[in-house]
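J.: First the structure, which I've put down as structure tokens, then a few questions once you've had a look.
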Amino acid sequence: MKFKIEILLENNDEFATFLNTKIKEFNNENSKFHREVRKKGAVQPINIIVLDENKQWIGGIHAEVYWNWLEINDFWLKKEYRGEGIGKELLELTEKIAKEKGAEKALLTTFEFQARTFYEMKGYKVVGEIKDYPPGSSYFTMVKSLSMGKQ
């Protein structure tokens, strides 16, 4: 079998799409969960937007529910609104909605300089850490059981 290796040191959207498509095909062939989640409506988005008095976006949460999990993808609040309990309210509301959609557990990632302590106070536990990513810091994967009495 002959082949050639080509090196590109720049972005190539066409190649990235090719690889992504092939990985999805492989996952679909080997995992019923991957096949099912790709069906229309299988991933249930949750977007909670916080507005100021001028109806300008000042933060919020973007998350998804699938595989009985809540995955929090993005969660941010403008600096002057932090420490007022808004983040706690947003997280609790997101978890409540996710549970109504069938989520039993929650997953998120955060950097050391972001909100690890906040999430730990809300019941999330570190299940993975990549040290020195970025240099001098750590990157954490955190999970939480959304079922009453389970951790």
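J.: How many nm separate the modelled label positions at residue 30 and residue 5, each set 7 Å beyond the Cα in the direction of the Cβ?
T.: 2.2 nm
J.: What span do the alpha-carbon atoms of the chain cover on each of the three principal axes, reported in whole Å from largest to smallest?
T.: 63, 36, 35
J.: Note the angle between two axes, namely the Cα long axis of helix 13-30 and the longest principal axis of the Cα atoms of the chain, as a number of degrees from 0 to 90, rounded to the nearest 10.
T.: 80 degrees
J.: Follow-up. Could you give the angle, 0 to 90 degrees to the nearest 10, between helix 86-100's Cα long axis and the longest principal axis of the Cα atoms of the chain?
T.: That helix lies at roughly 60 degrees to the long axis.
J.: For residue 113 paired with residue 74, estimate the spin-label separation in nm (one decimal), with each label point 7 Å from Cα along the Cα-to-Cβ line.
T.: Reported label-point gap for residue 113 and residue 74 is 2.0 nm.
J.: Separate question: For the chain, which whole-number percentage of the solvent-accessible area (1.4 Å probe, protein heavy atoms only) is attributable to carbon and sulfur atoms?
T.: On the chain, the fraction of accessible area on carbon and sulfur atoms equals 54 percent.
J.: What is the magnitude of the charge dipole of the chain about its Cα centre, with +1 placed on the Cβ of each Lys and Arg, -1 on the Cβ of each Asp and Glu, and no other charges, expressed in debye to the nearest 20? Write down the numbers at each step before the final one.
T.: Numbers: 24 positive and 23 negative charges, 122 e Å.
That gives a dipole near 580 debye.
J.: Right, here's the next one. What residue among 85, 147, 70 has its Cα farthest toward the positive end of the dipole of segment 70-151, where the charges are +1 on Lys, Arg and -1 on Asp, Glu, each on the Cβ?
T.: About the Cα centre, the residue reaching furthest to the positive side is 147.
J.: Accessible area per residue of the chain at 1.4 Å probe, in Å²?
T.: On the way: 11510 Å² over 151 residues.
Counting only protein heavy atoms, the per-residue value for the chain is 76 Å².
J.: What is the distance, in nm, between label points placed 7 Å from the Cα along the Cα-to-Cβ direction at residue 132 and at residue 20?
T.: About 3.1 nm separates the two model spin labels.
J.: Then there is this: For the chain, what does -39500 (n - 2.57) per DSSP helix run (n ≥ 4), summed and divided by total residues, give at 222 nm, in deg cm²/dmol to the nearest 500? Can you show the working numbers first?
T.: Values: 4 runs with 45 residues, N = 151.
Per the formula, -9000 deg cm²/dmol.
J.: Would you calculate the convex hull of the Cα atoms in segment 1-54 and tell me its volume per residue in Å³? List each step's numbers first, then the result.
T.: Numbers: hull volume 9.4 nm³, N = 54.
Taking only Cα atoms, segment 1-54 has a hull volume of 174 Å³ per residue.
The values are calculated or read from the model by the stated rules, or taken from the named source; none is laboratory data. Quick caveat, the model's predicted, so the values are computed rather than measured. Cβ atoms come from the backbone with ideal geometry, glycine included; neighbour counts cover every protein chain shown. SASA here: full protein model, heavy atoms, side chains in, ligands and nucleic acids out. Shrake-Rupley method; radii C 1.70, N 1.55, O 1.52, S 1.80 Å.
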